[in-house]
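The values are calculated or read from the model by the stated rules, or taken from the named source; none is laboratory data. Every value quoted in this text rests on a predicted model; they were computed, and no experiment measured them. So basically every Cβ, Gly included, is an ideal-geometry build from the backbone, and we count neighbours across all protein chains shown. For accessibility, only protein heavy atoms count, side chains too; no ligands or nucleic acids. Shrake-Rupley method; radii C 1.70, N 1.55, O 1.52, S 1.80 Å.
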Amino acid sequence: MIIKTAKYLVSSPDYTMCPKPDRPEYAFIGRSNVGKSSLINMLSDNQKLAKTSGSPGKTQLINHFEMESLPDKYVPGKTPASPWYLVDLPGYGFAKVSQTQRKQWETMIENYLRKRETLVNIFVLIDSRHEPQRVDLDFINQLGEWELPFCIVFTKADKETQKEVSKNVKSFLDAMRKTWQFLPQSFVTSAIKKMGRDKILQFIEQCNVSVKEAGKE
Ligand code: GTP
Ligand code: MG
């Protein structure tokens with residue numbers, strides 16, 4: 001997939017205020033500081049698109065980015081660009097928030113994830129430097145209860161040795177096997193090395209094609 005356009009559109013405090021649901025949408029979520037905004041910038045090849053930060057809790061609203069992409073083999077002037085939305089969501093598990101704020105986050109995220117009709121897939125980001133964390137497994141199990149489609153994206157793979165990353169990826173997937181019969185698709189990424197970019201974009205492209213096909217039936 002070739003990204004033709006990547007533009008920030010709007011930040012919404014609630015799913016009802018999100019843009020008109022007229023195209024496939026992909027959301028990125030994970031623990032605060034896991035690298036959601038950096039991954040979005042890496043995928044869109046624009047370092048300035050989503051605001052990144054060293055201090056957790058930077059992203060607080062539902063942020064829509066307007067995307068237009070072309071397939072790898074496209075005919076210039078003939079192949080139409082496919083429109084889709086990319087969504088940067090605020091992170092969970094940020095220690096320095098009040099109960100009230102946490103509850104607000106939970107309500108906003110649950111409503112968005114469960115009610116946004118055009119949401120095709122949720123990318124759940126997991127920091128590849130750590131052992132499996134309860135908060136991540138709980139969030140994933142919650143998605144399962146809600147029967148929502150998701151993939152796992154391991155981030156910051158450049159920060160540790162390949163051996164350490166593989167070990168953490170394996171432990172995480174093993175922890176999931178305790179409650180999941182089938183594992184979702186997973187990707188190992190580095191925003192710095194642009195690792196995993198092609199695979200994620202290819203996945204989105206395939207989903208976009210399936211959505212289009214389903215719409216024709
Ligand atoms: P919140 O919006 O606060 O929840 O954070 P976020 O998940 O959007 O994280 P963000 O992309 O802002 O990144 C957090 C920090 O991790 C920043 O200092 C990034 O530069 C760093 N970071 C993110 N991805 C990578 C990566 O792949 N490799 C390395 N080395 N650093 C990364
Ligand atoms: Mg962010």
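Here SER171 fulfils each of the conditions (1) open to solvent by less than 30 Å² (accessible area, probe 1.4 Å); (2) touching an Asp or Glu at 6+ places or on another chain (Cβ under 8 Å) apart from (1).
Tell me which residues, restricted to segment 22-35, are open to solvent by 50 Å² or more (accessible area, probe 1.4 Å) and over 20 Å from PRO80 (Cβ atoms). Residues satisfying the conditions are ARG31, ASN33. The selection criterion, being at pLDDT below 95 and under 29 Å from ASN168 (Cβ atoms), holds for VAL97. Consider THR179 against the criteria (1) in contact (Cβ under 8 Å) with a residue 24 or more places away in the chain; (2) loosely packed, with under 14 Cβ neighbours inside 10 Å; (3) of a type in the set (S, T, N, Q); (4) under 30 Å from ASP14 (Cβ atoms): it satisfies all of them except one. Which criterion is unmet? Tallying (1) in contact (Cβ under 8 Å) with a residue 24 or more places away in the chain; (2) loosely packed, with under 14 Cβ neighbours inside 10 Å; (3) of a type in the set (S, T, N, Q); (4) under 30 Å from ASP14 (Cβ atoms), THR179 fails exactly one: (4).
Please verify whether TYR74 is away from ligand 2 (no atom under 15 Å from the Cβ) and either touching a Pro at 6+ places or on another chain (Cβ under 6 Å) or not aliphatic (A, V, I, L, M) (or both), treating the condition exactly as stated.
Values: away from ligand 2 (no atom under 15 Å from the Cβ): yes; either touching a Pro at 6+ places or on another chain (Cβ under 6 Å) or not aliphatic (A, V, I, L, M) (or both): yes.
Answer is yes for this residue.
Restricting segment 36-51 to residues that are within 11 Å of ligand 2 (Cβ to nearest atom) and basic (Lys, Arg) leaves a set whose member that is most open to solvent (accessible area, probe 1.4 Å) is LYS51.
Of the set (1) modelled with pLDDT of 95 or more; (2) closer than 19 Å to LEU148 by Cβ; (3) more than 9 Å from ligand 1 (Cβ to nearest atom), all apply to PRO19 but (2). I'm trying to understand the selection: among the residues of segment 102-118, which are out of contact with any Leu (no Cβ under 7 Å at 6 or more places or on another chain), open to solvent by less than 90 Å² (accessible area, probe 1.4 Å) and not β-branched (Val, Ile, Thr)? Scanning segment 102-118 gives ARG102, TRP105, GLU106, MET108, GLU110, ASN111, TYR112, ARG116. Of the residues in segment 120-129, at least one is under 30 Å from GLY215 (Cβ atoms) and open to solvent by 20 Å² or more (accessible area, probe 1.4 Å). Checking the stated criteria, GLU164 turns out not to satisfy the condition of being acidic (Asp, Glu), farther than 24 Å from TYR8 by Cβ and exposed (fewer than 13 other Cβ atoms within 10 Å of the Cβ).
Quick check, is GLY91 on the phi > 0 side of the Ramachandran plot and not acidic (Asp, Glu)? It is false that GLY91 is on the phi > 0 side of the Ramachandran plot and not acidic (Asp, Glu). Every residue in segment 114-144 that is among the polar types (S, T, N, Q) and either within 10 Å of GLY30 (Cα to Cα) or out of contact with any Asp or Glu (no Cβ under 9 Å at 6 or more places or on another chain) (or both), please. The answer is ASN141, and nothing else.
Considering segment 65-101 alone, what residues qualify as being touching a Leu at 6+ places or on another chain (Cβ under 6 Å) and surrounded by 20 or more Cβ atoms within 10 Å (Cβ to Cβ)? Answer for segment 65-101, where residues must be touching a Leu at 6+ places or on another chain (Cβ under 6 Å) and surrounded by 20 or more Cβ atoms within 10 Å (Cβ to Cβ): PHE65, MET67. MET195: open to solvent by less than 30 Å² (accessible area, probe 1.4 Å) and more than 27 Å from ASP14 (Cβ to Cβ), yes or no? It is false that MET195 is open to solvent by less than 30 Å² (accessible area, probe 1.4 Å) and more than 27 Å from ASP14 (Cβ to Cβ). The residue list LEU143, LEU89 contains one member that is among the aliphatic types (A, V, I, L, M) and free of Cβ contacts under 8 Å to residues at least 40 places away in the same chain, which is LEU143.
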